[in-house]
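A.B. asks: Following this message is one structure expressed as structure tokens.
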Amino acid sequence: EGPFVVTVDLLYQSIGYRWVQNLRRHESPETARFLGYYEAIPNLPVIVATATAEVE
């Protein structure tokens with residue numbers, strides 16, 4: 001039973017959780033600095049675009 005409204009968000013996330021965890025194995029000043037930046041702010045996705053359509 002329609003019509004239906006479909007909404008889609010395109011998200012951008014600078015780096016995935018798994019990649020950061022892999023970096024933790026490498027000890028270097030650069031890695032430590034990056035991890036400090038990463039841990040200082042929440043790594044939340046950003047909505048880049050949104051599209052909405054009505055489907056019957």
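A.B. asks: If you rank 41, 15 by fewest surrounding Cβ atoms within 10 Å, what's the result?
C.D. replies: Working: 41 7, 15 11.
By the 10 Å Cβ count, ascending: 41, 15.
A.B. asks: On to the next question. If one takes the longest principal axis of the Cα atoms in the chain, at what angle in degrees, from 0 to 90 and to the nearest 10, does the Cα axis of helix 29-40 lie?
C.D. replies: Rounded to the nearest ten degrees, it is 40.
A.B. asks: Stretched out fully, how many nm does the piece from residue 12 to residue 31 gain, at 0.36 nm a residue minus the Cα gap? Please list the in-between numbers first.
C.D. replies: Numbers: separation 19, 0.36 × 19 = 6.84 nm, distance 2.24 nm.
Difference between extended and current length: 4.6 nm.
A.B. asks: Using only the alpha-carbon atoms of the chain as identical scatterers, what base-10 log of I(q)/I(0) does the Debye formula give at q = 0.15, 0.18, 0.26 Å⁻¹?
C.D. replies: Values returned for q = 0.15, 0.18, 0.26 Å⁻¹ are -0.59, -0.70, -1.02.
A.B. asks: Would you calculate, for the chain, the mean residue ellipticity at 222 nm contributed by helices, counting each DSSP H stretch of 4 or more residues as -39,500 (n - 2.57) and dividing by all residues, to the nearest 500?
C.D. replies: On the way: 2 runs with 19 residues, N = 56.
-10000 deg cm²/dmol, from helical runs alone.
Coordinate-derived values only; no laboratory data. Small disclaimer: the values here were computed from a predicted structure and weren't measured. No Cβ is skipped: glycine too gets one built from the backbone with ideal geometry, and neighbour counts run over all protein chains shown.
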